[in-house]
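Read through the structure below, which is laid out as structure tokens, and then see the notes.
All of the numbers you see were taken from the coordinates with simple rules; none came from a lab. Fair warning: this is a prediction, and the values are worked out from it, not measured in the lab. Neighbour counts run over all protein chains shown; Cβ positions are idealised from the backbone, glycine included.
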Amino acid sequence: MTRQTPEKPRGFYRHHLMICTNRRDNPARPGCGAMQGEEAFQKAKAALRAAGPQAQGVQVSRTGCLGRCELGPVAVVYPDGTWYRCINPEDMITVVEQHLLEDRLATTLRLTDDMPDP
């Protein structure tokens with residue numbers, strides 16, 4: 001008798017990129033919004049629009065604080081749970097093209113658990 005393995009449940013989206021755009025009142029820890037988080041979000045949205053049908057099943061959303069403010073702006077891709085750090089807003093285009101559209105890690109921008117805050 002062969003045992004069948006149920007398929008992994010799929011979410012509504014193939015990929016969901018969440019980009020922190022949070023702003024804080026504390027100038028010592030201003031948040032991703034003060035470090036071009038909104039600009040990174042806009043770059044990601046534009047890259048997906050430009051991809052046309054290839055972007056079907058991919059969503060990009062703004063989010064509040066993800067807790068890594070000093071590395072901001074930061075983003076996380078679900079359902080895989082891969083985190084990215086953007087040095088400039090254009091880096092988000094790389095994340096969209098490589099991770100969301102080509103299904104491969106954007107390794108140069110990846111944020112790992114062992115990466116200390118600057």
- Note on the structure: Within the chain, the cysteines whose Cβ lies no closer than 4.7 Å to any other cysteine Cβ are Cys65, Cys69, Cys86
- Item | Modelled FRET efficiency - R0 25 Å, Arg24 with Leu101, Cβ distances, 0.05 increments | 0.20
- Query: In degrees between 0 and 90, to the nearest 10, how far off the longest principal axis of the chain does helix 37-51 point, with axes built from Cα atoms?
  - Reply: 40
- Taking every other residue with Cβ under 11 Å from the Cβ of Thr108 and scoring Lys and Arg +1, Asp and Glu -1, one gets +1
- Item | Simple spin-label estimate for Asp80 and Tyr13 in nanometres, 7 Å along Cα-Cβ | 1.5
- Message: From the helices alone, meaning DSSP H stretches of at least four residues, give me the mean residue ellipticity at 222 nm for the chain, per-run term -39500 (n - 2.57), in deg cm²/dmol to the nearest 500.
- Response: -5000 deg cm²/dmol
- Query: Using mean Cβ contacts within 10 Å as the protection proxy, how do 43-55, 86-98 order, highest first?
  - Reply: 86-98, 43-55
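Output the peptides 74-82, 101-109 sorted from most to least packed, where packing is the average of other Cβ atoms within 10 Å over each peptide's residues.
The densest-packed peptide leads the list: 74-82, 101-109.
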